[in-house]
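The block underneath contains the structure these notes are about, expressed in structure tokens.
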Amino acid sequence: MSRSKWPRYSLLFTAMFLSAPLLAQNADDDADGASPLEEVIITGSRIRQNPVDVRTPVQIHNEEDMDLTSYLSAADYL
């Protein structure tokens, strides 16, 4: 991309990204004939537990895994 076209393309891409949320909005919510929402049920669990007793995922890495990457130290790998 040449230097002279850079401002034109940046303005074009900015306009495209800023207008995308506007296209996703409806001007009239009842245009499709949907009735208003009467009830919302949210289910979930927030049981307090001791973090020491909770199961957590464990990942095992060995020397072969580290050799397959381009990291130079174990700190970079982790």
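Before moving on, here are some points about what is shown:
- Per-residue 3J(HN,Hα) values for region 61-76, derived from phi via the Karplus relation 6.51 cos²θ - 1.76 cosθ + 1.60 with θ = phi - 60°, read 10, 10, 5, 5, 4, 5, 5, 6, 9, 9, 6, 9, 10, 5, 5, 5 Hz in sequence order (x marks Gly and Pro).
- Segment Glu64-Ser35, extension gain: residue separation times 0.36 nm, minus the distance between their alpha carbons: 4.6 nm
- For region 5-13, Karplus couplings with θ = phi - 60° (6.51, -1.76, 1.60), whole Hz, Gly/Pro x: 8, 4, x, 5, 5, 5, 5, 5, 5
- For the peptides 58-69, 37-48, the ranking by mean Cβ contacts within 10 Å, running from highest to lowest, is 58-69, 37-48.
Bear in mind that the values in this text are calculations on the coordinates, not laboratory data. Since this is a predicted model, take the numbers as computed values, not measurements. Neighbour counts are summed over all protein chains in view; Cβ atoms, including those assigned to glycine, are modelled from backbone coordinates with ideal geometry.
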